[in-house]
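Report on the structure given below.
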Amino acid sequence: QVNKIARSDNKGVFYLATDAGLAYTTAYLNDSVGSFQKWKMPYGSFPVSNLSEIYTTVAIDPSDSLHVIAGFIMNGKVRGFSVSITGPTGFKLVIPPGISKELKITDISFVSSNLIFATTTGDELDSLGIGGSIWRSTNGGDLWTNVSPSGFSSGNTIAVGYGITDTVIYVGTGSGSIDTGYIWKSTDMGFTWTKVNSGPKCAFDSTIIGLPILDIAVDPRGTDTLYIACGDETEINVDY
């Protein structure tokens, strides 16, 4: 199963986070290369550097395609990040102290090469009664700090909006089984967060409100217009 696709801005490099490991290719859009050959040398590799654990998400630094961060689950218990600054041959494992062994990393987003955010969620509350968290790194992914606000749970997606004078971080949350969906917003690089809106009503059943927010895109013309995908196991909506 493919859980996340990341590509460089010039579409020359692609990574896939899958249940069988991390995949890499430089021939994703090259129709002259066969489907399986794309993921083998000299074009790519799968699994990358023998990273054959479950990979739940992956992101490429927009400023440096050799800088890649992915979220993994090792042996069904250990959660953490695989970080490389030298492309597919240089990944190292980073396991932040305090990251829950019962949740999974669902999304990673670069604000800059140094400042990165990630979020976690789970199908149920962990042993501490927490359903998810927000993590921040200020040194390119080597160290991570939990910056979750009180009441945060079930993080699904992160988006960054760049304005003329501000940068805004948005996190979408919610789980059909345990949590209502909300949008959280930070205007100070993750030091403080504000819950700004709940997920919309179901388009087919108005009694279902606060749908989980599964993905967010910020209008590139500013930071205040969002496009969201939301739903649960049976319903998917698109709203803005």
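The values are calculated or read from the model by the stated rules, or taken from the named source; none is laboratory data. Since the model is a prediction, treat every value here as computed from it, not as a measurement. Positions of Cβ are backbone-derived with ideal geometry, glycine not excepted, and every protein chain shown enters the neighbour counts. Protein only, heavy atoms only, side chains kept; ligands, DNA and RNA dropped before computing areas. Shrake-Rupley method; radii C 1.70, N 1.55, O 1.52, S 1.80 Å.
Ligands, DNA and RNA left out, the accessible area of the chain computed with a 1.4 Å probe is 52% carbon and sulfur. A straight chain from Val196 to Thr225 at 0.36 nm per residue would run longer than the Cα-Cα distance by 9.2 nm.
Is there a pair in Lys4/Lys201; Lys11/Lys195; Lys101/Lys195; Lys40/Lys92 whose C-alpha atoms are over 32 Å apart, and which pairs would that be? Beyond 32 Å: Lys11/Lys195. With R₀ fixed at 41 Å, the C-beta to C-beta distance from Ser150 to Lys92 puts the FRET efficiency at about 0.80. Label the stretch 35-177 by shape, choosing from rounded, prolate and oblate, from the square roots a ≥ b ≥ c of the eigenvalues of the Cα gyration tensor; if a/c is under 1.5 it is rounded, and otherwise prolate applies when a/b is larger than b/c, oblate when it is not. Oblate.
When +1 charges are put on Lys and Arg Cβ atoms and -1 charges on Asp and Glu Cβ atoms, the dipole computed for the chain relative to its Cα centre reaches about 620 debye. The modelled label-to-label distance between Gln37 and Ser52, using points 7 Å beyond Cα along the C-beta direction, is 2.5 nm. Applying the Karplus relation 6.51 cos²θ - 1.76 cosθ + 1.60 with θ = phi - 60° to the stretch 23-36 yields 3J(HN,Hα) values of 10, 9, 7, 10, 10, 4, 9, 8, 6, 7, 9, x, 4, 6 Hz, where x marks Gly and Pro. Accessible surface area normalised per residue over the stretch 1-110 is 50 Å², counting heavy atoms of protein chains with a 1.4 Å rolling probe.
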